[in-house]
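All remarks here apply to the structure that follows.
The values are calculated or read from the model by the stated rules, or taken from the named source; none is laboratory data. These numbers come from a predicted model, not from an experiment. When we count neighbours, we look across all protein chains shown, and the Cβ atoms used for this are built from the backbone with ideal geometry, even at glycine.
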Amino acid sequence: MLDQTANAERSALKAHHLMRQTGRPPEGILPAVIESSWHRCLAGGPRLESKSEYDPGRRDALDLMRQRNKALVDHALPIMETLYEQIANTQSMVVLSDATGYILHSLGDDDFLAKAQRVALSPGVEWSEDSRGTNAIGTALAEKSPVVVHAAQHFLPANHFLTCSAAPLRDPYGRIVGVLDVTGDHRRFSPHTLALANMSARMIENHLFCHAFPDAYVVRLHARPEFLGTLCEGLAAFREDGLLISSNHSGSFQFGLPENRLQQPSFESLFGMRLSAALDLASRAAPAPCPLLLHNGIRVFVRIEAAQRRSKSAAALDPAPTVDDRNREALNQAFLPLAEEAVSSRTPLLIEYVDAASGQAAQECLRRHLGRDAVWIDFDCAHAPAGEFEAILNRLAGSAPEPGGSAVEILFLGDIHALDQARQARLVSSLQQSLRPPCRELPLALIASSHGKLKRHVARGAFRADLYYRLAARVLELHGRDPQCGPTSGDLHSITRQAIESTLAEEGGNVSAAARRLGISRSTLYRRLREG
């Protein structure tokens, strides 16, 4: 095994040498996943000579990012501590990141943590491929699968002393929400580390699943009863009426369900009996697991955990449209509920558009629908004079009088990517001041738009990372269209379909989850898709 590790490192060093000579990764020398990552880095990542310098200003955003990922952090920390106990005193650390590669927390040997901080492997720093080149966190996110990056397989030479093993973390709906990583000195590499990271990641995912559906029935299942309660068990959450809300990977596999299913089956279609009947059988069998037959004839053993609370009806998880809903155009637009929720919760919303027409159409649609019951404040970040900017800062600080009395104020920062560095710094300071105790939310609702992904502007050094993280609490991407069919200010249907397609893609094709996230019914979503 030591020979294999040494050979891998020599091959990676040779590949680095050839890449510097030819300008591209050599073929057949590196593992396929590393070679693909190097290609991505050359196309849009950091330069080879880049140094992993740590920007202390990013720590200002750390508490905010931890709060946004509170469920992930809360369920991951105990498991991270258990994992660290198994690798303590091995020149290693355990790292948790969010879905962008932003490091939320780390545990490790003190001397190794100091070494890692010299290359900015610390909480408050983003380790995506765009920012840090090939590394286990960023590459696991890019590949959506577990990965090991050993020594010189890292794109940046500054990181060659590291060996990293990382596994992506998925929420109960299959969306990637973070990465669990074990990083250590490359001279202490163990091929078993990735297995430990994978097992710990599955534990975190199961914890997230079991706490995500307090009003549902959670079914634990496996073909062998002794595997119930282990990492191998299937988990499935059902509504009171028997409709499947979600299932983990093992549960979907045992049900024989495809990964990107468009419709959610019922308990009866999966088990051949109603949920109420299964509950009766399970209660009679308790404390032993109850044997049931799946629709494919396979016998499984189940334990059913009853709903913890009844404060919400099952219908609230997937509401049917009312007559008033059908008569209101705003609620039939897929992206409007996202904006409405952001406004009501005072959570910043970032809209990223590809072509100017779609960006302008989105802005006009939001102004038309959200501005009816609120005070709408437009600010053009590219062209607004200094006096208007000072007024915006006063508004964020809550020191300016409200022009609408008790009405909600919505501040729209158009083309935020064009804001100059000096104004970016002042805007960060103003937002930071607004959220200091005893204040817990902004004095107004904040929506910003950007031409292209704002993270790209951050990577180029044209936009502050700490400002990005304050604006991107929720992100809506508007994909471009061909010029001849690009959306106009009146073409709300095009924007709606873009929002639906984007959300469906993020939800892995799960229509029920996409509908819940958009705040519309499944029937409305299907109708919008059929309208093409």
Going residue by residue through region 368-390, is there one that turns out to be modelled with pLDDT under 85, closer than 19 Å to ARG464 by Cβ, under 30 Å from the mean Cα position of the chain (by Cα) and not polar (S, T, N, Q)? yes
Would you check which residues across region 1-39 are within 27 Å of SER190 (Cβ to Cβ) and among the basic types (Lys, Arg) and list them? ARG10, LYS14
Picking from PRO214, PRO191, the residue that is of a type outside the set (Asp, Glu), under 22 Å from the mean Cα position of the chain (by Cα) and part of a loop (DSSP other than H, G, I, E, B) would be PRO214
Return the total of residues in region 130-140 being modelled with pLDDT of 95 or more and either surrounded by fewer than 24 Cβ atoms within 10 Å (Cβ to Cβ) or in contact with a helix residue (DSSP H, G or I) (Cβ under 7 Å, 6 or more places away or on another chain) (or both). 4
Right, LEU96: touching a Leu at 6+ places or on another chain (Cβ under 6 Å) and outside any loop (DSSP other than H, G, I, E, B) or not? yes
Could you list, in sequence order, the residues of region 1-43 that are of a type in the set (S, T, N, Q) and exposed (fewer than 13 other Cβ atoms within 10 Å of the Cβ)? GLN4, ASN7, GLN21, THR22
From (1) crowded, with 20+ Cβ neighbours inside 10 Å; (2) within 29 Å of the chain's Cα centre (by Cα); (3) part of a helix (DSSP H, G or I), pick out the condition that doesn't hold for PRO337. (1)
Qualifying residues in region 254-282 (those that are modelled with pLDDT of 90 or more and of a type in the set (S, T, N, Q)) - the one nearest to LEU221 (Cα to Cα): GLN254
